[in-house]
1. Take every Cα-Cα distance within the range 216-303, group them into 10 Å bins from 0 onward, and report for each bin the whole-number percent of pairs it holds.
2. Length gain on complete extension for the stretch residue 3 to residue 342, per 0.36 nm per residue less the alpha carbon to alpha carbon distance?
3. Per residue, how much space in cubic angstrom lies within the convex hull of the C-alpha atoms of the range 1-157?
4. Could you do me a favour and compute the accessible area per residue for the range 434-513, 1.4 Å probe, result in Å²?
5. Under the 0.36 nm per residue contour assumption, what length would be gained going from the current alpha-carbon distance of residue 450 and residue 360 to full extension?
6. How large a share of the accessible area of the chain, in percent, is made up of carbon and sulfur atoms when the probe is 1.4 Å and the other protein chains stay in place?
7. For a paramagnetic label modelled at 7 Å from the Cα of residue 118 toward its Cβ, which residues of the range 144-163 fall within the zone defined by backbone nitrogen distances under 14 Å?
8. Mind putting a number on the dipole of the chain about its Cα centre? Charges go on the C-beta only, +1 for Lys and Arg and -1 for Asp and Glu, and I need it in Debye to the nearest 20.
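The values are calculated or read from the model by the stated rules, or taken from the named source; none is laboratory data. Predicted model only: the values in this text are computed from it and were never measured. Methodologically, a virtual Cβ is constructed for each residue, glycine included, from the backbone with ideal geometry; neighbour enumeration extends over all protein chains shown. To get the accessible areas, we keep the full protein, side chains included, count just its heavy atoms, and leave off ligands, DNA and RNA. Shrake-Rupley method; radii C 1.70, N 1.55, O 1.52, S 1.80 Å.
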Amino acid sequence: MSDVRVRFAPSPTGPLHIGGVRTALYNYLFSKKHGGKMLLRIEDTDQTRFVPGAENYILEALQWVGITIDEGPTQGGPHAPYRQSERKPMYRAYAEQLIAEGNAYYAFDTEEELEAMKERLKAAKVASPSYNMVTRMQMNNSLTLPEDEVKRRLDNGEAYVIRLKVPRKEEIRLNDLIRGWVVVHSSTIDDKVLLKSDGMPTYHLANIVDDHLMGITHVIRGEEWLPSAPLHVLLYRFLGWESTMPKFAHLPLLLKPDGNGKLSKRDADAGGFPVFPIDWKVPGTEDTWIGFRDQGYLQEAVVNFLAFLGWNPGTQEELFTMEQLIQEFSIERIGKSGTKFDINKAKWYNQQYLRLKSDAELQQLMESVLQAEGVSYDSTTIGAISLLLKERVTFAQDFWTEGKFFFQAPLSYDSAVASSKWNSDAIQVSKALQDKLQSHTGDLSPETAKHLFHEVLDEQGIKIGKVMQAVRLAITGVGAGPDLMHIISILGKDETVQRLQSALSTLSETVKP
Ligand code: GLU
């Protein structure tokens with residue numbers, strides 16, 4: 001495909017939802033795959049919904065995810081500006097062209113008149129009252145008012161909007177790359193406002209004009225825009241741009257974890273999981289909406305997870321780097337039906353990508369977590385500890401939660417394990433192990449620790465299965481964890497001896513001989 005140009009066109013009305021990040025990602029993968037360009041266009045024509053900080057949030061989120069933009073507000077480019085509010089003067093001419101050619105009209109109706117129309121239609125039991133091909137004839141617009149009256153109103157500077165004149169009886173067809181043919185009858189479309197009374201274009205006009213002027217070849221966006229697509233097709237036709245109209249691909253919805261309805265922030269709050277890429281500090285409040293990055297998800301895990309929310313490579317393979325996704329991605333393999341948002345899958349990806357890290361990277365991750373926790377540590381042991389914990393962590397943060405006992409002696413002991421496992425055998429073995437370690441000299445590798453432990457068991461005539469968990473409890477305070485001999489080796493002789501000593505005095509009170 002030659003000269004692919006796609007765009008991500010968010011409105012800065014709040015933090016970018018994770019579904020929006022998926023849209024951006026699919027656009028990015030598609031453009032990279034075809035050696036094309038990816039544009040970022042900020043659609044900020046609705047000034048009433050503008051939220052300060054939202055544009056920066058979008059930029060930061062895209063950067064974190066690893067989506068690079070070729071043309072956009074920060075990068076510039078041949079079609080600058082890329083912020084619609086800065087393009088305001090460009091749109092009016094197109095709206096006026098539509099009027100001149102009989103495809104749009106001026107409408108002077110006041111709020112009250114619009115309201116009264118709605119009430120009238122409601123009273124007449126019209127299901128969805130709207131300003132359309134039928135009702136337009138009862139309103140104050142350039143189709144109903146005499147020409148000189150229209151001119152007088154315009155000359156007087158009376159407020160007006162420009163509306164699209166939707167044809168009466170027509171089938172509008174569009175071949176969506178994901179959904180196939182979509183056919184809509186024009187009678188279901190209302191006469192959308194194209195230019196508002198403040199001279200700003202609405203989304204529909206600005207979006208079509210910009211996609212055309214910016215040479216967009218493929219519009220890849222969320223399914224929520226599918227109902228607007230026929231209207232967009234009409235605009236392309238009326239503006240004489242039908243032959244270069246972009247191809248459309250409407251992405252399936254992201255569904256709640258149980259598959260019942262659209263994923264919402266409320267589901268995320270209830271489930272305690274993020275639906276935003278990065279944290280969002282809600283302006284003017286103390287609230288923070290949690291984001292994947294700040295919850296400890298790795299960028300590569302989120303990319304892989306998002307790519308699979310609606311697309312699959314057609315094989316059993318699940319782990320794909322950004323580069324591999326670019327190679328494999330195709331619009332044909334995007335599903336039609338909504339995709340359940342399964343946060344456990346995101347966690348699984350995170351776990352997989354942590355395991356793929358090099359030893360040095362893992363050590364570095366663990367050290368930064370410890371530093372953030374304010375834990376003091378001996379960095380010569382962190383390599384070994386991080387390797388030992390590698391299979392047990394889902395997030396880097398778990399290096400601390402799963403490995404606390406490496407840095408602090410037990411402050412308490414798991415009571416369930418203590419009451420079921422701490423018995424006279426455990427006491428006997430712990431004492432003997434303490435003595436054995438005390439008199440041991442030289443290195444204490446995991447193998448040596450194992451050897452010494454087995455000597456103790458043989459000497460006491462006690463089977464390993466009877467006391468293993470109790471000894472672990474004495475040394476770590478908990479009943480499960482990585483290999484105990486490695487733990488002993490890392491803690492070293494003195495620390496292990498001391499911990500056995502404290503356990504013997506603290507725990508023994510609970511024993512019933
Ligand atoms: N500004 C729209 C949005 O916020 C863009 C929709 C489109 O891609 O056409 O999602």
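1. 14, 30, 27, 20, 9, 0
2. Residue separation times 0.36 nm, minus the Cα-Cα distance, leaves 118.5 nm.
3. 189 Å³
4. Accessible area per residue, the range 434-513: 50 Å².
5. Here the segment from residue 450 to residue 360 would lengthen by 29.7 nm.
6. Roughly 49 percent of what the probe reaches on the chain is carbon or sulfur.
7. No residue passes the distance filter.
8. Once rounded to the nearest 20, the dipole reads 1200 debye.
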